[in-house]
Amino acid sequence: MELTSQASRPVIDVRNLTKDYRLGEIMVPALRGIDLQIFPGEMVAIMGPSGSGKSTLMNMIGCLDSPTSGEYYLDSLLVSDLKDDELAIVRNQKIGFVFQNYNLLPRIDALENVTLPIRYSDITANMRQRAEAALQSVGLGDRIHHKPNQLSGGQQQRVAIARALVNEPAILLADEPTGNLDSQSGKEVMDLLLNLNQQENTTIVLVTHDPKVAAQAKRIVQLFDGLIKTPEEAS
Amino acid sequence: MKIWQALKEAIASLSANRTRSFLTVLGIVIGVGAVIGVLSLGQGAEASIIGQIESIGTNVIYVFRGNTSEDVTNPNSLTTADADALANRTRAPHILNISPVLAGQSSVRFGDESTQTSIMGVVENYAEVTGIELSEGSFFTESNVTNRSSVVVLGPELAERLTGRQTELVGTTVHINNYPFRVVGVTKAKGGNQFSSPDMDAYIPITAMQLRVKRQSIPNAVDFLLIQAQDSQSIDDAMQEAKSILRSSHRLSSRQPDDFTMTNQQDVLSIANSITSILTIFLAGIAGISLLVGGIGIMNIMLVSVTERTREIGLRKALGARKFDIQLQFLTESAMLSVFGGLIGVGFGWLLGEIVGAIAANSGTPLVPQISLNSVLLATLFSLAVGIFFGWYPALRAANLEPVEALRYE
C-alpha cells in the first residue's frame, strides 16, 4: 500500500466532508461525504464532470468556504470549525492559490501583485526582496515592474504562481491553471508546476478538466455526484 | 495591513480613476467651500461691525426717550435742559462730555446740485464724543451753538456728491432746507455700513437745527443724548449718575419707572456680536447641507466601486485579507476622497471670500474675509468625518462579501 510508504502525516486530511447548498426552498447536496488524504510532496489532480462537486471541494480545501459537516485538517490544524477571519489567516499562511484567469490586480505591477499576500501577513520584513525572489524562481526576474497587461498569458500565470509561493504555503491549489492558455504557454506553466513539485517538494492540488494535464499528476482523484470514485469504479 | 499601506493603495486606486474621483469630491469641494466662505465672511463682517462701533468710542452711553421694558405713559422728552443738568461735575464726576442730538432729513443744495440726507443737530463736543476727525477746517464752536450760527460741517461723501470735491470747501455756502449755511469743515472718511453712513451726514449747531431745519412743538426737545464717560471703566458709574440726574430732572417719584432708556457701546457690541454669529451659524448650516449631499455622492460612488471590484475583493480575501483589512481599504479611500475634497474646498472657500470681500469693498462696505486656522481644521476634520461616515456602509458591504461568491462574480 502507498499509505504505508508515507512516513509523514497527511498535509490535507478530509474526513466525511459534506456540503449542502440552499437552492430556493430545497437543499442540494454538493459533497456527500468525502474522505481524502494528501501527503507532503504529492501532486494530486482532482477531476470530474461539471456539477460533480469538484469546485466545491476545491473551495473547501482552499478554506474559502466552510463545510456543512465533517472534518478537515490542514497541516494538522482542524480548519473546518474556524471563523471567517481565522480562515483568512490560514489562507494567507498555508495556501497558495492559482486561478484559471490569473486574478492579478491590473493597476499594480508584477512585483506589487506578488507582495499582496505578504501585506496581509504579520511578517512584512524584506517584502520586496521576498517578492523579487519569488518572481525570479518562476523565471520573471526581468519583468518585475511590468503591469499585467504588459505580460503574456503564460507570464501572467507565472506571476500568479510566484504570488502563491511567496508566503511559503503548505499547499499550492491550482484551479484549471492552463485553462486560459494556448498549448505552448500551458506546457510552460505545467512544467513550472511539475518542477516545483519535483525539485522543491511542493504539495500541489490541481483541479482540471483536461485528462492530459491530470495525467502529469502522480495521483488522480475522480469526483462524481459529490463522491470520490474508487480506482476500481473509475477504470 | 498597516495604515500607511492602506493609504498607498488608496492613492493608487483613486488616481487610477482621476475623473471619477474628481467628480465625486465636487460635492465636498462645494460644501466645504461654501462653509469656509460663509465663515470667513461672517468673521470679516463681525470684525468690520465691531471696528465701526469701537471707532465711535467704547465709553459712550446713548440715552433715548421712553422705556422699552416697562410701560410708561407720556414719557418726558429728552431736552437740552437734560443735557445741561447732566453737565454737573459734582453730581456726575464720571461724565466727561454730553452731546444732545437732534437729527432730521433735509435737502442740502450746492449750486445746482441737491440731495436729501440726514442733518445732525449737535453741540461742539460731538466731534470729541464720537471721535470724528476733520480733514479740513474745524468743528463749530460753543459760541456757534449759543449764537445759532448757520455753519455746517460736511461729511466727505456728501461733499463729493454736492461739489464734486472734498477739499477747499471751507468758506463756501450750502443751502440746508433752503437756508444758507457756511461750510466750516469737512470730516475725514469714516466708512459706513448698510444702516448708516456718517460720511453722508451734515453737522450743524443744534440751535440752528431747531430754528431752521426741524421745528418742534417742544422747542428744546432732542432725539437722543450721547454721554461720554471718563473712560471705559467708569461707564457703569456714569450711567448711574446720569440715571439719577435724569430721574430728578424729569421729576419721577421713586415708584415710577425710568421714562428713558440707556444703552452703551458694550451692549451694542454684544448685540452686534450675537447677530453676526447667529447669521454666520445659520448660513454655515445651510452650506453644511451641501456637505451632506457631497457625502451621499461619495457613498454612491463607493458602492459602485465595491460592486466593480467584487472580484478584487474576493481575490484579496483568498490571499488572506481579513474583514478588517477590506473595510480599512475602502474606508481609507472614502476618507481620502473626502479630505482631498475638503482641502480643495478650503481653497475654493478662501477664493469665494476674497471675491465677495472685493465686491463689498468696491461698493463701499469694508469687509475683509478672515479665515481662521480653526475653521480650516474644522472643515478638514468634518470632511474626514463625512468620508468615514458615508464610506462605512460600502466598506462594510465589501468586508462582508463571501470569498467564494466574490471570486465567481463576473
- Rg to Rh ratio, segment A:2-230, alpha-carbon atoms and Kirkwood radius? 0.97
- Loop only per DSSP, at most 16 neighbouring Cβ atoms within 10 Å: give me the trypsin sites (Lys or Arg not before Pro) in segment B:218-291, ordered by residue number. B:R251, B:R255
- Query: Length gain on complete extension for the stretch B:N88 to B:L26, per 0.36 nm per residue less the alpha carbon to alpha carbon distance?
  - Reply: 15.7 nm
- Rounded to the nearest 20 Debye, what is the dipole magnitude of the protein assembly as shown about its Cα centre when Lys and Arg each give +1 and Asp and Glu each give -1 at the C-beta? 460 debye
- Query: If the limit is 28 Å between Cα atoms, which of B:K8/B:K323; A:K19/A:K83; A:K94/B:K323; A:K229/B:K317; A:K147/A:K187 go over it?
  - Reply: A:K229/B:K317
- Task: On a C-alpha basis, how far is the centre of segment A:18-47 from the centre of segment B:133-192 in Å? Whole number, if you could?
- Result: 104 Å
- Taking Cα pairs closer than 8 Å and at least 6 residues apart, the relative contact order of segment B:77-249 in percent is 34 percent
- Pairwise centroid distance, computed over Cα atoms, of segment B:302-327 with segment A:64-101, Å: 18 Å
- Query: From largest to smallest, what semi-axes in whole angstrom does the protein assembly as shown give when each is the square root of 5 times an eigenvalue of its alpha carbon gyration tensor?
  - Reply: 93, 25, 18
- Task: List the aspartates and glutamates whose Cα lies under 19 Å from the Cα of B:K2, skipping any in the same chain that are fewer than 8 positions away.
- Result: A:D85, A:E86, A:E112, A:D122, B:E312, B:D325, B:E333
- Working out 0.36 nm times the residue gap between B:Q233 and B:E142, then minus their Cα-Cα distance, what length gain in nm do you get to one decimal? 29.9 nm
- Query: What is the average number of partner chain Cβ atoms found within 10 Å of a Cβ in A:82-88?
  - Reply: 4
- Message: Just to compare against my own numbers: the Cα pair-distance distribution for chain B, 10 Å bins, whole % per bin, please.
- Response: 5, 17, 19, 16, 12, 10, 9, 8, 4, 1, 0
- Task: With a 1.4 Å probe and all protein chains in place, put B:E308, B:E168 in order of accessible area, largest first.
- Result: B:E168, B:E308
- Is the shape of segment B:68-121 rounded, prolate or oblate, going by the alpha carbon gyration tensor and its root eigenvalues a ≥ b ≥ c, with a/c under 1.5 for rounded and a/b larger than b/c for prolate? oblate
- Query: If you build the Cα gyration tensor of segment B:23-159 and take the root of 5 times each eigenvalue, what three semi-axes come out, in whole angstrom, biggest first?
  - Reply: 40, 24, 17
- Straight distance only, please: which aspartates and glutamates reach the Cα of A:K218 with their own Cα at less than 16 Å, same-chain residues fewer than 8 apart left out? A:E2, A:E42, A:D191, A:E200, A:D210
- Could you please state, rounded to a whole Å, how far the C-alpha centre of segment A:159-219 is from the C-alpha centre of segment A:122-155? 17 Å
- Item | Additional length obtainable on full extension of the chain from B:E70 to B:F324, 0.36 nm per residue less Cα span | 84.8 nm
- Query: With labels modelled as points extended 7 Å from the Cα through the Cβ direction, what inter-label distance (nm, one decimal) is found for B:N273 paired with B:N362?
  - Reply: 3.4 nm
- Query: With labels modelled as points extended 7 Å from the Cα through the Cβ direction, what inter-label distance (nm, one decimal) is found for B:Y393 paired with B:R255?
  - Reply: 6.9 nm
- Measuring from label point to label point, each 7 Å out along Cα→Cβ, what is the A:K212 to B:T173 span in nm? 12.1 nm
- Message: So, R0 is 25 Å and r is the distance between the beta-carbons of A:S50 and A:R22; what FRET efficiency does that work out to, to 0.05?
- Response: 0.80
- Message: Could you compute the net charge surrounding A:V98? Neighbours are other residues with a C-beta less than 12 Å from the C-beta of A:V98; K and R count +1, D and E count -1.
- Response: 0
- For B:V170, B:V346, give the ranking by accessible area with the largest first, probe 1.4 Å. B:V170, B:V346
- Query: So for the protein assembly as shown: antiparallel DSSP bridges make up what percent, rounded to the nearest 5?
  - Reply: 70 percent
- Query: Which of the aspartates and glutamates could a cross-linker bridge to B:K188, judged by Cα under 15 Å and excluding same-chain residues fewer than eight apart?
  - Reply: B:E128, B:E133, B:E136, B:E157, B:E160, B:E168, B:D199, B:D201
- Query: How would A:L77, B:L39 rank on accessible area, largest to smallest, probe 1.4 Å?
  - Reply: A:L77, B:L39
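The values are calculated or read from the model by the stated rules, or taken from the named source; none is laboratory data. Fair warning: this is a prediction, and the values are worked out from it, not measured in the lab. No Cβ is skipped: glycine too gets one built from the backbone with ideal geometry, and neighbour counts run over all protein chains shown. Ligands, DNA and RNA are stripped out before the accessible areas are found, and what is left, the full protein with its side chains, is counted by its heavy atoms. Shrake-Rupley method; radii C 1.70, N 1.55, O 1.52, S 1.80 Å.
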